[in-house]
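Since the structure comes first, as structure tokens, the remarks are kept for the end.
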Amino acid sequence: MHQTVYIDTSIICYLADPLSHNPYTRTCQLITRQWWEQRCVREMCYISDAVLRDIKTGNPARIERRLEVADQLVHFPSSDRIRSFAELLILGGGLTAKARSPAEHVASAALKQLDLLLTWNCVDIANARKYQALRRLMVLKDIELPELITPLELMENSYENLRY
């Protein structure tokens, strides 16, 4: 059985943008691309309006490539409920005021009851220090927090065969 996956902005960018010269970023991009090619079940992957808004900034060529990736995924619109819940995640101390977009990603994945939130944003989302606060805020609203993970966690050691 495949799990439902919310794809945040960082995943789209790592799939579509040119490979970075930074070795850490480049490795994350390669892992993401390998997951996309080998393990991703597109019809089980979701994006929200927040992702579409985020990927439409910057270089026009990059925007076009990002939108091509996004077009392969299931899209659901934002809602007042998602925006309100994102605000609670910030005001409740789970995320900082600067993390509005990440808060929308977490709120979207949680309210749509998706199994996983896939991200490389380890500052705001896939962060063990923030997990407990986010989980407590979810419990207050009787909502389950999706697993907050990176593509590396979905690869089951096949990252050892990365093509450089």
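Please compute the contact order of the stretch 1-88 in relative form: average sequence separation of alpha-carbon pairs under 8 Å and at least six residues apart, divided by the residue count, as a percent. Result for the stretch 1-88 is 36 percent. Angle, helix 23-38 long axis vs. longest principal axis of the chain, Cα atoms, 0 to 90°, nearest 10? The angle comes out at about 90 degrees. Computed over the stretch 65-164, relative contact order equals 24 percent, with contacts defined as Cα pairs under 8 Å that lie 6+ residues apart. According to the square roots a ≥ b ≥ c of the eigenvalues of the Cα gyration tensor, what is the shape class of the chain, taking rounded for a/c under 1.5, prolate for a/b larger than b/c otherwise, and oblate for the remainder? Since a/c reaches 1.5 and a/b is larger than b/c, the shape of the chain is classed as prolate. List the longest stretch of the chain that has no exposed loop site; here a site is one of the trypsin sites (Lys or Arg not before Pro) assigned by DSSP to anything other than H, G, I, E or B, with at most 16 other Cβ within 10 Å. That would be 57-97.
Of all chymotrypsin sites (Phe, Trp or Tyr not before Pro) in the stretch 1-72, which ones are in loop regions per DSSP and have a Cβ with at most 15 other Cβ atoms within 10 Å? Filter output for the stretch 1-72: empty list.
Near THR25: Cβ cut-off under 13 Å, other residues only, Lys/Arg at +1 and Asp/Glu at -1. The net charge is +1.
Please say if the stretch 1-82 is rounded, prolate or oblate, where rounded means a/c under 1.5 for a ≥ b ≥ c the square roots of the C-alpha gyration tensor eigenvalues, and otherwise the choice is prolate for a/b larger than b/c and oblate otherwise? Note, shape of the stretch 1-82 comes out oblate. Given +1 at the Cβ of Lys and Arg, -1 at the Cβ of Asp and Glu and no other charges, the dipole of the stretch 56-164 around its Cα centre is 460 debye to the nearest 20.
Bear in mind that the values in this text are calculations on the coordinates, not laboratory data. All values reported here derive from a predicted model rather than from experimental measurement. Because the Cβ atoms are built from the backbone with ideal geometry, glycine has one as well, and the counts that use them run over all protein chains shown.
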